[in-house]
1. When R70 is evaluated against the numbered criteria (1) under 27 Å from S450 (Cβ atoms); (2) assigned to a loop (DSSP other than H, G, I, E, B); (3) at pLDDT below 95, which criterion, by number, is the only one it fails?
2. (1) more than 12 Å from the ligand (Cβ to nearest atom); (2) not in a strand (DSSP E or B): which one isn't true of E160, the others all being true?
3. Which residue is farthest from the ligand (Cβ to nearest atom), if the candidates are limited to the stretch 243-266 and must be among the β-branched types (V, I, T) and closer than 27 Å to M315 by Cβ?
4. Evaluate the following for L354: is it over 21 Å from G246 (Cα atoms) and not in a loop (DSSP other than H, G, I, E, B)?
5. For the stretch 225-240, does any single residue satisfy the condition of being within 14 Å of the ligand (Cβ to nearest atom) and in a helix (DSSP H, G or I)?
6. Assuming R405 fulfils every condition listed in (1) within 16 Å of the ligand (Cβ to nearest atom); (2) not in a loop (DSSP other than H, G, I, E, B) apart from one, which condition is it?
7. Any chance the stretch 84-95 includes a residue that's touching a residue at least 40 places away in the same chain (Cβ under 8 Å), buried (at least 18 other Cβ atoms within 10 Å of the Cβ) and part of a loop (DSSP other than H, G, I, E, B)?
Amino acid sequence: ATERFNLEKQELAFTPVAKISTIVNGLRSAFADDVMRDIGFRKQQLQALLQGVRENSDMLAQALKLDLNRSKQEAMFYEIEPVEFEIGQFLQNLDTWTKPDTNRLASDQIGFLASSMEVRKEPLGTVVIISPWNYPLRLTLLPLIGALAAGNTVVIKPSEVAPYSAMAMQHVLTTCLDTRVVQLVQGGVDETTELLKQKLDHFFYTGNGTVGKIVAKAAAEQLVGVTLELGGKSPAIVHNDVADLGPTAMRLVWAKLTNAGQSCTAVDYVLVHRSIKDKLIKLLVEVIHEAYSRTPQKSADYGRIINQRHWQRLMDALAATGGSVVPVADDEADKNDRYIPPTVVDDVTPTDSLMRDELFGPILPIIAYDTLDEALATINGRDQPLALYVFGSNKTIEYVMGHTRSGAAVANDTMFHMGAHNFPFGGVGASGVGNYMGRYSFETFSHSRSVMQRPLWFPPPGVDTLRLAPFDGPQN
Ligand code: NAD
């Protein structure tokens, strides 16, 4: 069947709005039927997903090429292999993670003698995963792994903005998984709005904060949990005591230009000590030339902006900047090709047009500072970012970490934290609520149920009845 599925010839069909409640009800019935209680069944689903992703990796990579001009290597490295790896980790650890935590016998509390207490990890029920377009496979399938492993039935709403990825996932998931426990709803605002009205037990959303609030409100209506994986302007600080500017520049370029800057953990802007600014910019330009040449539009490895609307948004922000654009590429932005060359902007101020919203594109504003506290004031004057990067001595690193808040913080590198297993990934404040990856995913999609069993014979009647009024002897 896989060979006959020609992705390029497909068109994304939206799910009829009237069908959405039937889909969710089906998943709720499967959950109620205890289909997911059996750990063996969950593992079998994870195995099937692993096999489905492996067998279809070419088609999944092709979808990313069509949606984002993603190179095969980046598709494998950032989206397909991490999913395979995560499934492997879950298969290895699920027996341990699903075991009740019994290490809670309150032996030091006399009233609990002869009681057994355990914390059981129970599924939440039927959960929804709503994902964005920028890493469409990874950001759908990684949470899906956690949700299934924890025993939930799952409805997935891929981003309609990356239609080939949405169709590729639909093909893989519906052919390899049990459709009683996983279903997709395809569509945009209307379909998602309808989905959010359904009775669900947890909402897991990755995307922008504006929609994040809509999802949080929907969860509030039902009083159920919500995980929000949002974005923000993630800064990088480069201080004058950094050991080596060479690798620093390379790692900054990597985080800015992978996926043409459309990564939630991309370096949004650089704060650099004034004394090393010019040297850093020179190195950034050299690295960009080495990676993508002077005509990146021709490079097989340089991505495209997801659509013309986002292309225009970025070009408008660039047109309004008060900074000075550093000459980097010899070619020019091209709307039809959704191409924006790597763009470094010097002399940017914290109030510049490029500093208003998350850029989410290959534009790198450079802000010079004279003191570290001045740089920290720029960061702390804004919403808490999803990631914070700092390049400098150990003393600088500790100072920066001790005086800022962010979803994650990485010293002397960028974005690398995303690949580490069992390392919670998530934001704080405006960059998100909750986290996932490995055991953290399992916890996010589980309820820790306190289960206590008491004997009727203890405490003995004379003592046991002391809990009940009257407390001051018989009343009349
Ligand atoms: P998007 O436009 O694809 O939207 C995400 C999802 O929300 C889609 O499934 C979409 O259909 C749905 N949606 C859109 N409008 C809606 C509405 N009015 N009501 C209900 N649902 C709606 O993606 P995006 O938001 O442009 O994604 C980019 C943002 O996501 C950036 O801010 C980025 O930083 C953030 N992001 C965060 C992470 C993370 O893990 N924290 C990862 C990737 C992206």
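1. Failing condition for R70: (1).
2. Exception for E160: condition (1).
3. V253
4. Values: over 21 Å from G246 (Cα atoms): yes; not in a loop (DSSP other than H, G, I, E, B): yes.
Answer is yes for this residue.
5. No, every residue in the stretch 225-240 fails to be within 14 Å of the ligand (Cβ to nearest atom) and in a helix (DSSP H, G or I).
6. Checking R405 against (1) within 16 Å of the ligand (Cβ to nearest atom); (2) not in a loop (DSSP other than H, G, I, E, B), the one that fails is (2).
7. No; the residues of the stretch 84-95 include none that is touching a residue at least 40 places away in the same chain (Cβ under 8 Å), buried (at least 18 other Cβ atoms within 10 Å of the Cβ) and part of a loop (DSSP other than H, G, I, E, B).
Residues checked against (1) at pLDDT below 95; (2) among the charged types (D, E, K, R):
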residue: I110; (1), (2): yes, no
residue: E122; (1), (2): no, yes
residue: L142; (1), (2): no, no
residue: G151; (1), (2): no, no
residue: A168; (1), (2): no, no
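The values are calculated or read from the model by the stated rules, or taken from the named source; none is laboratory data. Predicted, not measured: the structure shown is a model, and the values here were computed from it. Note that each Cβ is placed from the backbone with ideal geometry, even for glycine, and that neighbours are counted across all protein chains shown.
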